[in-house]
Amino acid sequence: MKRIALAAVVGAALCATPALAQERDANSSLFLEGGGPGLLYSVNYELLFGDDFGIRAGFSYQSLSASGSSGSGSAPVSIITVPILANELVSFGSSALELGGGATIIQAAGAASGNGLAVSASGTTVLGTAILGYRRQPVDGGFQFRIGIEALAGKGLALRNPDPNKLGVLPWVYVSIGYSM
């Protein structure tokens, strides 16, 4: 029992020793993310402060359209997303546990026409987001990789039978590649 206690004390002291921690030289990164707060994809920039706290912002544009089988109707839609998050890193050299939260601003515009009728609408909404993931980011810069899960929170979100008037949570995944400098 004394050996286990001694090992725990020595292990805790080693983990707390600043000399063993590598200081990060690469404090900014540019990355492409699939899924995540940008919904389908996003291009992001992140700046780290003090090796463990980061602020990131991204941008995504998606254009979708549908048409009737006889060509009698069409429905184009465009969606712009702007994810803004704060991240906390628990680093172990080039690997880190990533915890974060923020918001995704969504601007959507759509139109539909067919059978002599045409309508259009646009609007903006904000979704909350929380992330938990793994990050590989060399302390001196280079190739960066991230993978994780997130929760999107807002009106109209649900795995089944979403109701546009009720708050809901939707689990989502993300993976990203990029470069840190």
By the mean-Cβ-within-10 Å protection proxy, highest first, 137-147, 107-117 rank as 137-147, 107-117
Here the relative contact order (percent) of the range 23-180, from C-alpha pairs under 8 Å and at least 6 apart, is 22
Cβ-Cβ cut-off under 15 Å around Thr125, Lys and Arg +1, Asp and Glu -1: the net charge is +1
If R0 = 30 Å, then Ala118 and Tyr61, at their Cβ-Cβ distance, give a FRET efficiency to the nearest 0.05 of 0.80
In units of 2.2 N^0.38 Å, the Cα radius of gyration of the chain is 1.38
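Taken together, the values in this text are just the output of simple stated rules run on the coordinates, not laboratory data. Because the structure is a prediction, the values reported are computed rather than measured. Neighbour counts are summed over all protein chains in view; Cβ atoms, including those assigned to glycine, are modelled from backbone coordinates with ideal geometry.
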